[in-house]
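The values are calculated or read from the model by the stated rules, or taken from the named source; none is laboratory data. Every value quoted in this text rests on a predicted model; they were computed, and no experiment measured them. With ideal geometry, Cβ positions are generated from the backbone for all residues, glycine too; neighbour counts draw on all protein chains shown.
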Amino acid sequence: MAAKQVATVQLPQRHMVGRAFTQGAADANGSFYSAWQDMEDSGDLKTLDALNPSPNKNHSDLIIFSPYSIEYWIGSFLPADAETPQGMHTFDLPDSKAASVTEDAEHMLTQLPLQTSFNRIVSMFETAKIKVPEHLGRTVNPYFVESYSVTDDQVKQVEYDLYLSKATGLNDYE
């Protein structure tokens, strides 16, 4: 995948609609591939696509870090006033400064272990001299987003955003 420019950006508020999973839902290899397959097989991703105006369709995951665990969301970023389908939930991300990179993509890489994907992206940010908080689970905005743009049922690109904020109770990030 060819990476476009890595940059620090100001992200707007975003409204995630989908399902949340705990670390216990991860596959043996550390991916959430089975959870993605369940979302696909149940028709949930198509339901979310129908709520998202073209050309803004996306299949996204949101990782919320806490000091000792993560919460992994699968869904889509939708307009704030979009209905929430039965059995799904919402999570509103604040506007925030973030490290961001976009890459061309032909398919989703949901079968890769989460730690592998995350470490690759963090390494790109660090190479670009963007300071990444050491303790993400103790920051004000402990979020990492992987969002695949979908056009005509085809993945076109993926955007990775790591929210940057001051750690709470720590002085490791300003």
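Please identify the pairs in which a residue from the range 61-87 that is acidic (Asp, Glu) has its Cβ atom under 7 Å from the Cβ atom of a residue that is exposed (fewer than 11 other Cβ atoms within 10 Å of the Cβ), counting only partners at least 6 apart or on another chain.
Here the result reads 71/22, each pair linking the range 61-87 to a residue that is exposed (fewer than 11 other Cβ atoms within 10 Å of the Cβ).
So, in the range 1-41, how many residues would count as being in a loop (DSSP other than H, G, I, E, B), closer than 30 Å to residue 128 by Cα and of a type in the set (D, E, K, R)?
1
Residue 141 - would you say it is within 17 Å of residue 70 (Cα to Cα) and free of Cβ contacts under 8 Å to residues at least 12 places away in the same chain?
no
Kindly indicate the residue of the range 54-94 that is closer than 16 Å to residue 155 by Cα and out of contact with any strand residue (DSSP E or B) (no Cβ under 7 Å at 6 or more places or on another chain) and also surrounded by the fewest Cβ atoms within 10 Å (Cβ to Cβ) among those meeting that condition.
Going through the qualifying residues, I end up with 54.
Yes or no, residue by residue, for (1) farther than 15 Å from residue 112 by Cα; (2) modelled with pLDDT of 95 or more:
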| position | (1), (2) |
| --- | --- |
| 3 | yes, no |
| 16 | yes, yes |
| 19 | yes, yes |
| 33 | no, yes |
| 37 | no, yes |
| 44 | yes, yes |
| 64 | yes, yes |
| 69 | yes, no |
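Quick grid of which residues meet (1) out of contact with any Asp or Glu (no Cβ under 7 Å at 6 or more places or on another chain); (2) over 26 Å from residue 40 (Cα atoms); (3) surrounded by fewer than 20 Cβ atoms within 10 Å (Cβ to Cβ); (4) hydroxyl-bearing (Ser, Thr, Tyr):
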{"position": "109", "(1), (2), (3), (4)": "yes, no, yes, no"}
{"position": "116", "(1), (2), (3), (4)": "yes, no, yes, yes"}
{"position": "129", "(1), (2), (3), (4)": "yes, yes, yes, no"}
{"position": "137", "(1), (2), (3), (4)": "yes, yes, yes, no"}
{"position": "145", "(1), (2), (3), (4)": "no, no, no, no"}
{"position": "158", "(1), (2), (3), (4)": "no, no, no, no"}
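How about the range 55-83: which of its residues are closer than 22 Å to residue 35 by Cβ and either in a loop (DSSP other than H, G, I, E, B) or of a type in the set (Ser, Thr, Tyr) (or both)?
Across the range 55-83, the qualifying residues are 57, 60, 66, 68, 69, 72, 76, 82.
Between a first residue in the range 33-49 that is surrounded by 13 or more Cβ atoms within 10 Å (Cβ to Cβ) and a second residue that is basic (Lys, Arg), which pairs have beta carbons less than 9 Å apart while being 6 or more apart in sequence or on different chains?
Final answer for the pair search is 35/19; 38/19; 39/19; 40/46; 44/19; 48/57; 49/57.
Which of the residues spanning the range 149-163 are assigned to a strand (DSSP E or B) and acidic (Asp, Glu)?
Once the filter is applied, which keeps residues that are assigned to a strand (DSSP E or B) and acidic (Asp, Glu), the range 149-163 yields 159, 161.
Give the number of residues within the range 14-37 that are within 28 Å of residue 79 (Cβ to Cβ) and within 14 Å of the chain's Cα centre (by Cα).
10
Tally time: how many residues in the range 100-138 are assigned to a helix (DSSP H, G or I), under 19 Å from residue 4 (Cα atoms) and either charged (D, E, K, R) or in contact (Cβ under 8 Å) with a residue 24 or more places away in the chain (or both)?
Within the range 100-138, residues that are assigned to a helix (DSSP H, G or I), under 19 Å from residue 4 (Cα atoms) and either charged (D, E, K, R) or in contact (Cβ under 8 Å) with a residue 24 or more places away in the chain (or both) number 9.
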